[in-house]
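Participant: One structure, pasted below without further comment.
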Ligand code: AMP
């Protein structure tokens, strides 16, 4: 694996790969890698000839400076994990590489309200930052395929919208959520949970799975009430649980009127904010595939 590459060295290496007829898969991350990230590397290895992973803790998507400061940075462990996973290139840019003062990196597209609900409502400006960094990274890497996790449902929906709006040639592949043995969705933040909360955090996926079972007998408001009550246990504070149309991300009133339905939630476990989701009615026409 070629490691810690900067913009120009990465671009000239990828040019050679492309000239040799190789397809390129790209996995953007913020580091502190876990098995969920590695599953994206595996998906890229399976689909494309060359896998590029970036590690960049993007300042423009943090609305809380403290959260940015506390974000775990574990580069040497990450590099070893990527090497074991047979990633070909690790791109490790600095802030000035991604946002050089000479280049306008802003992205002027209408997100059509996809960014205002759920995560967007609680993290103002977050998705503008995500769109800005992913667009800039796509410009640098120019991959054939982009691999993202279903874990961040709203994020990949917005990135698919951006790809469509800006006519990117890159195809988005969405990969399933990897979970810890107790069902907790893997996340870099899980390391910061105390062991008791980490064990009890299984309540989140249990609740989502219950909703999947109850979807044919409960109304949407009954599902929401059931879930918010179930997750209201000592140490936990559910911030939102929305049952949404997977295309528009708007809350729905009745499952019957929608062909793609997802339950998305954010829950505080102590002072750690966890997100998770479950697709309870899969899209009939496949958009970005969950591979
Ligand atoms: P992050 O480093 O948190 O920005 O995540 C980088 C990518 O990994 C995003 O596309 C996430 O959706 C994906 N990801 C994070 N956690 C998981 C997980 N548990 N399973 C699968 N993919 C994940």
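The values are calculated or read from the model by the stated rules, or taken from the named source; none is laboratory data. Values in this document were obtained by computation on a predicted structure and should not be read as measured data. Glycine gets a Cβ as well: all are built from the backbone with ideal geometry, and neighbour counts include every protein chain shown.
Participant: Tell me, which residue of the stretch 38-58 that is without any contact (Cβ under 8 Å) to a residue 40 or more places away in the chain and either surrounded by 22 or more Cβ atoms within 10 Å (Cβ to Cβ) or within 9 Å of the ligand (Cβ to nearest atom) (or both) is farthest from residue 10 (Cα to Cα)? Can you show your working first?
Facilitator: We begin by selecting, within the stretch 38-58, every residue without any contact (Cβ under 8 Å) to a residue 40 or more places away in the chain; these are 46, 49-51, 53, 55, 57.
Then keep just the ones that are either surrounded by 22 or more Cβ atoms within 10 Å (Cβ to Cβ) or within 9 Å of the ligand (Cβ to nearest atom) (or both); that gives 51, 53, 55, 57.
Values: 51: 12, 53: 11, 55: 13, 57: 18 Å.
Selected residue: 57.
Participant: What is the number of the single condition among (1) within 16 Å of the ligand (Cβ to nearest atom); (2) in a helix (DSSP H, G or I); (3) without any contact (Cβ under 8 Å) to a residue 12 or more places away in the chain that residue 208 does not meet?
Facilitator: Tallying (1) within 16 Å of the ligand (Cβ to nearest atom); (2) in a helix (DSSP H, G or I); (3) without any contact (Cβ under 8 Å) to a residue 12 or more places away in the chain, residue 208 fails exactly one: (3).
Participant: Now, a different point. Could you tell me which of the residues 207, 265, 248 is closer than 23 Å to residue 111 by Cα and crowded, with 17+ Cβ neighbours inside 10 Å?
Facilitator: Working: 207 fails: closer than 23 Å to residue 111 by Cα; 248 fails: crowded, with 17+ Cβ neighbours inside 10 Å.
Residue meeting the stated conditions: 265.
Participant: Please enumerate the residues belonging to the stretch 127-157 that are buried (at least 19 other Cβ atoms within 10 Å of the Cβ), within 12 Å of the ligand (Cβ to nearest atom) and more than 14 Å from residue 264 (Cβ to Cβ).
Facilitator: Answer for the stretch 127-157, where residues must be buried (at least 19 other Cβ atoms within 10 Å of the Cβ), within 12 Å of the ligand (Cβ to nearest atom) and more than 14 Å from residue 264 (Cβ to Cβ): 130, 133, 134, 137, 146, 147, 148.
Participant: For residue 109, indicate whether it is assigned to a loop (DSSP other than H, G, I, E, B) and in contact (Cβ under 8 Å) with a residue 24 or more places away in the chain.
Facilitator: Numbers: assigned to a loop (DSSP other than H, G, I, E, B): yes; in contact (Cβ under 8 Å) with a residue 24 or more places away in the chain: yes.
It is true that residue 109 is assigned to a loop (DSSP other than H, G, I, E, B) and in contact (Cβ under 8 Å) with a residue 24 or more places away in the chain.
Participant: Taking the criterion of being modelled with pLDDT under 95, touching a strand residue (DSSP E or B) at 6+ places or on another chain (Cβ under 7 Å), closer than 30 Å to residue 144 by Cβ and outside any loop (DSSP other than H, G, I, E, B), would at least one residue in the stretch 259-266 satisfy it?
Facilitator: no
Participant: Does any residue of the stretch 177-185 turn out to be closer than 19 Å to residue 260 by Cβ and within 14 Å of the ligand (Cβ to nearest atom)? Walk me through it before giving the result.
Facilitator: Just the residues of the stretch 177-185 that are closer than 19 Å to residue 260 by Cβ, to begin with: 177.
Subsequent filtering for residues that are within 14 Å of the ligand (Cβ to nearest atom) retains 177.
Looking through the stretch 177-185, at least one residue is closer than 19 Å to residue 260 by Cβ and within 14 Å of the ligand (Cβ to nearest atom).
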